[in-house]
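Reading through the C-alpha cells given below for one structure.
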Amino acid sequence: MTAPASTWSPLRIGVFRVLWLAVLGSQVGTWMQTVGAQWLLVDRPGAAALVALVQTAGTLPVVLLALPAGVLADSLDRRRLLIWVQLFMLAIGVLLTGLTMTGQMTPPLLLALTFGLGCGMAMTNPTYQALIPELVPRAQLPSAAALGSVSVNLARAVGPAVAGVLIAHTGVAAVFGINSATFLIFAVVLFFWRRHPEPDGMLPEPFLAALRAGGRYVRHSPTLRRFLFRIELFVLPAVALWALLPVLASQRLHMGAGGYGLLLAALGVGAVGGAVVLPKLREALSDNRMLGIGSATYALALAVVALVREPAVVVAALVPAGFAWIAVLSNANAGLQLFLPNWVRARGLGMYQSAFFGGQALGAFCWGLLAQRAGLVPALLVAAAMTAAGAATIPLWPLIDTRHLDREPATFWPEPRLAVEPDRFAGPVVVEVTYVIAPENEPAFLAAADALRRTRMRTGAVQWGLFRAGEVAGEMLEVYVVPTWDEHLRQHAGRLTGADQEIDLRVQALSERPPTVVHLLPARPR
C-alpha cells in the first residue's frame, strides 16, 4: 500500500509554495482586520450582538455570491480574476484605514466596509481553491487541502496576536493598513505568475447557462448535497465559539486584547497540529468516523469553555477544539476537491463556501442574540449540546463514501454525426437512446436507470424519461432534453467522469445490441 503523502509535500512545488505563502499573508491580514473591527465595537452598547455582526458582515457575501463567483471562476481566467479582486479589496482596505485614522468610523460604516471585504473574499475563495488541482498532483490534493487549513489557522494564531500588540501600541488603523498591504502583495505575486491552463477546445460558457448548470449539478448530486448538509449541521453550532470568543475574553475572563489573541492562538495551535496528522487520520479513519470524533471533541471543548473561568484551563481546552475544527472541515474540503469534476469544481466549491460561511453568518448572528438575552454561558452550553446532537445524527445521514470513485474526465461518447449543422446555441435538443433489453435483464436495467438519470441531469439534461416501445418487444427508449446543442457538446467533451462512464457501460452491457442514438434538433430557429 502506498504511504499517504506528507502534509508538507505540496510545498516542494515552487508555484504552489509562493501562492500559498501569499494567501497565508492575506489571511493573516484578514484576521488582523477582523480583530481590529471587533475590538472597535467591544465597548459599545450591545457589544455581544455588534461583535458577532462583524463576522456576519464578513461572511454573508459568500452566501449571496458563492455560486456566481464559481461561475466566473469556471468561465474566466482564474489568475486575472484573482488579481482584479485583490485590487478591489485593496481599495476598500485603504478607505477603512483612512476613516479610522481620522476618527470618522461608525459601527454601520464599519459593518458596510466589512461587507465589501466579504464580497472580495467570496470571489477569492472558490477561485483560488479551483486553481489548486492545476498546481499539485491529484494524490497530493488532500495534503494541499490540509495546507489550506494550516494557512487559515496559522493566520488565526498569528493575526490576532499581532493585531493585539498593534492595537495596544499604535491603534486599530495600523491593523487595517497592514491588511491592505497584504492584498497588494497577493496581487503582485499573481501578476508575476504565468499560468498555462490546458485548452479544452470549448468556448467559455455563457454566464446564465453556466449558473443554471451549476445549480443542476448540485440538485442532482446526492453526494454533494450530503456534504453540504453535514457541514451546516456542524458549523451552525460550532461557530458560537468563534463568534463569542472576544466577549468571553473581555467580559468573562478579563484578558484584554492580548488575551483574546492568546485564545485564538490556542485554537490555531490545535488546528495546525490537526493538519499535520490529517493524512494519517484519513488513512486510519473513514470520513464518518472522523466527523463523529471531531464533533464530539468540539462539543466537549465548548462545554469546558462555558463552565470554567480559569484562563489557563480555557486555553488548554481550545487546543483540542482547534484540532477537531480542522479534522472536520479540512477533511470535508479535501473530499470535495477529490470528488468535484474540473468543469464544475469552482461552482461546487462555491456552494461549499456558501454552506460554510452561510452557517457562520447565520450562526454568529443567532448566538450573538442568544448571548445578549440569555447570557454567554447558556449560549455556549446550548451550542455544545447542538454540536453533540449533530454528531448523533451521523448514522442516520452519513457522508457518502467517494474515495473509490473515478473522478477523472472521460471522453467516451462518439462524436455526433449529423446530416445538418445545428446552431450551437439553438435548443432545446432531445436525445433518444434506444436499448434492446432481454426479459431476464429488465429488472437490472431498470435498477441501473436511476443512476443513469442522475448522470444525465448532472451533466446538462433538464428533463429525463425512460419509455417502453409499444410496437417492439424488449425495446427501451431513454429520452432526455438538453437546453442547447452547446450544452450537449459539453457533455461529450468534458463533463463526464470515469464514474459516469462506469454507469453508462453497465447500462449498455444489459442491451442485446449497442444502443442507437438519435439527436432531435429544433425544426425552426428561435
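The values are calculated or read from the model by the stated rules, or taken from the named source; none is laboratory data. Remember, predicted model here, so these are calculated numbers, not experimental data. FYI the Cβ positions are ideal-geometry reconstructions off the backbone, even for glycines, and counts take in every protein chain you see.
Within the range 39-61, how many residues turn out to be more than 22 Å from Ala168 (Cα to Cα) and at pLDDT 75 or above?
5
Of the residues Gly390, Gly322, Gly359, only one is in contact (Cβ under 8 Å) with a residue 24 or more places away in the chain, buried (at least 19 other Cβ atoms within 10 Å of the Cβ), within 20 Å of Pro61 (Cα to Cα) and not hydroxyl-bearing (Ser, Thr, Tyr); which? Walk me through how you get there before you give the answer.
Values: Gly390 fails: within 20 Å of Pro61 (Cα to Cα); Gly322 fails: within 20 Å of Pro61 (Cα to Cα).
Just a single option satisfies the conditions, and that option is Gly359.
From the list Ala385, Ala419, Ala410, pick out the single residue that is of a type outside the set (Asp, Glu) and assigned by TED's automatic domain parsing to the domain that holds Leu285. Quick ask: steps written out before the conclusion?
On the way: Ala419 fails: assigned by TED's automatic domain parsing to the domain that holds Leu285; Ala410 fails: assigned by TED's automatic domain parsing to the domain that holds Leu285.
Answer to the check: Ala385.
I'd like the full set of residues that are surrounded by fewer than 24 Cβ atoms within 10 Å (Cβ to Cβ) and of a type in the set (A, V, I, L, M), limited to the range 333-346.
Ala334, Leu336, Leu338
Is it fair to say Leu147 is farther than 21 Å from Gln360 by Cβ, of a type outside the set (Lys, Arg), touching a helix residue (DSSP H, G or I) at 6+ places or on another chain (Cβ under 9 Å) and buried (at least 24 other Cβ atoms within 10 Å of the Cβ)?
Working: farther than 21 Å from Gln360 by Cβ: yes; of a type outside the set (Lys, Arg): yes; touching a helix residue (DSSP H, G or I) at 6+ places or on another chain (Cβ under 9 Å): yes; buried (at least 24 other Cβ atoms within 10 Å of the Cβ): yes.
Yes.
Which condition number in (1) at pLDDT 80 or above; (2) under 24 Å from the mean Cα position of the chain (by Cα) is the one that Val188 fails?
(2)
Check whether at least one residue in the range 357-364 is assigned by TED's automatic domain parsing to the domain that holds Met290 and more than 22 Å from Pro68 (Cα to Cα), and report yes or no. Outline the logic, then answer.
Step one: of the range 357-364, the residues assigned by TED's automatic domain parsing to the domain that holds Met290 are 357-364.
If we keep only those that are more than 22 Å from Pro68 (Cα to Cα) too, we end up with 363-364.
Yes, because at least one residue in the range 357-364 is assigned by TED's automatic domain parsing to the domain that holds Met290 and more than 22 Å from Pro68 (Cα to Cα).
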